Amino acid sequence: MNHFEYKDGEKHCEEVSLSEIAREYGTPTYVYSAATLKRHFEVFDKALSAVDRLICFSVKANSNIAVLRLLASMGAGADIVSGGELVRALRAGIAPEKIVFSGVGKTAGEMRMALEAGILVFNVESRAELELLGKVAGEMGKRAPVSLRINPNVDAKTHPYISTGLQRNKFGIPWGAAKETYRRAAEISSIEVHGMDCHIGSQLTETEPFVDAANMLTVLIEELIAEDIALKAVDIGGGLGIPYQEPGEDRPPSPAIYGEAVVEALGVLRKHSLQLICEPGRVIAGNAGILLTEVLYCKESEIKKFVITDAAFNDLMRPALYSAYHPISPVMQTDRSKEVVDVVGPICETGDFFARDRELPEVRGGELLAIGAAGAYGFSMASNYNSRLRACEVLVMGAEHAAIRRRETIEQVLENESIPAFLD
């Protein structure tokens, strides 16, 4: 469920019309619904209420500090993958003891930042990273809390670019090396073994891969405890998908079904009083945001009709990168006949599209379109390609709205560039 609905023939975000948003902030603009973000977090949290849990929102999905502040007010932690995301999470008011640091390429500088901040745990992805973290922590006179991210070689049955739990993926410690790496972690005086981590991929549409991974982790946990390597937590990652509603697309399980399956598979949590950590991103933020764009022109070739918008793939990369489906609808309802069109941006790349061969009511230049399911991996993946200015971001709460990121200016884009003297 989301709070983007037609009222009196016009699409609204909660109590605010999208036309009003466009008039005040321009386009393209990302629009987020606070009510949807809150509801999605509450539903996900409730689904895991049978166990001690910490829900760490995946900051890479939507890193705006206002969005993070809203989720922090509901008790969310943060799953981060860079020093920059650490700063964002802290500035948004997320307690450091609710922050987990993931990612395969943490630098020594980022490790120091996180140790100084006092984060909950590092999700370590290789033996080399473990050794460097131990060295950095030792030099600082600290002990680094660690969960080892285990790669169980489980097929998440998702897009290959967002699959992370197979042997051919770069993520995690190979299953066969897991126990040996835990033994090494227990030997390093500046390392504190905290838990176990596993994340097999994003946009999962069934529970079976989660359950398969959880069953494998359970066996490993029991073996480690038998060796007196005590754990405090199990991190099952994120990855639960959302219904983008592409025709024929499998609908992901609800958070309730997901929660029931994970809790049942991880009976080891209660047995050994372990905390469950989850890292949802898309399932919280995806359907809580839209990209609002204006139609510039409509153009016809011999075989196609193109709807050209002022948004481009630098604003929303997912269709070009993943061939991802996003629902698109006119802001003003119309009784015009439907037609099959390509919805495209103005960039000189054939990959600059939002939809191909999509059936939409006839639209005309100057009208507004809402590109749905854009709250996750939308703005956070945006760029300045073609020296385009990144979009404005607006948060709506009931009848109130505010820009939570102003539209860039060309001066901001150019401020870190300079012409060296030897070119004069």
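What follows is calculated from the coordinates using simple rules that are stated; it is not laboratory data. Note that the coordinates shown come from a computational prediction; the quantities given were computed from them, not determined experimentally. With ideal geometry, Cβ positions are generated from the backbone for all residues, glycine too; neighbour counts draw on all protein chains shown.
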Place a point 7 Å from the Cα of D52 in the direction of its beta carbon; the residues of segment 271-290 whose amide N falls under 12 Å from it are 271-277
For segment 405-411, in residue order, the Karplus 3J(HN,Hα) values (coefficients 6.51, -1.76, 1.60; θ = phi - 60°; whole Hz; Gly and Pro = x) are 8, 6, 5, 5, 10, 5, 5
For 219-226, 52-59, 338-345, ranked highest to lowest by mean beta-carbon neighbours within 10 Å, the order is 52-59, 338-345, 219-226
Interchain or sequence-distant (5+) residues whose placed amide H lies within less than 5 Å of the amide H of L296 are I308, T309, D310, G366
So, over other residues within a Cβ distance under 10 Å of E359, counting Lys, Arg +1 and Asp, Glu -1, the net charge is 0
One finds the C-alpha centres of segment 46-102 and segment 287-311 to be spaced, in Å, by 34
Relative to the chain, whose Cα atoms define the longest principal axis, helix 208-226 and its Cα axis are tilted in degrees, nearest 10, by 20
Cross-link reach from K304 to lysines, straight Cα distance under 19 Å and at least 8 residues apart if same chain, gives K338
From the cross-link list K38/K98; K7/K46; K38/K142, the entries with a Cα-Cα span beyond 27 Å are K7/K46; K38/K142
The base-10 log of I(q)/I(0) that the Debye equation returns for the chain at q = 0.06, 0.07, 0.13 Å⁻¹, one scatterer per C-alpha, is -0.27, -0.37, -1.12
Place a point 7 Å from the Cα of C348 in the direction of its beta carbon; the residues of segment 313-327 whose amide N falls under 17 Å from it are 313-314
Full extension between A226 and A402 adds, at 0.36 nm per residue less the Cα distance, a length in nm of 57.9 nm
Taking placed amide H atoms and a strict 5 Å upper bound, the residues 5 or more places from G77 or on another chain that come that close are I55, C56, F57
Straight-line reach check, K305, cutoff 14 Å on alpha carbons, 8 or more apart in-chain or any other chain, hits among aspartates and glutamates -> E339, D342, D357, E359, E362
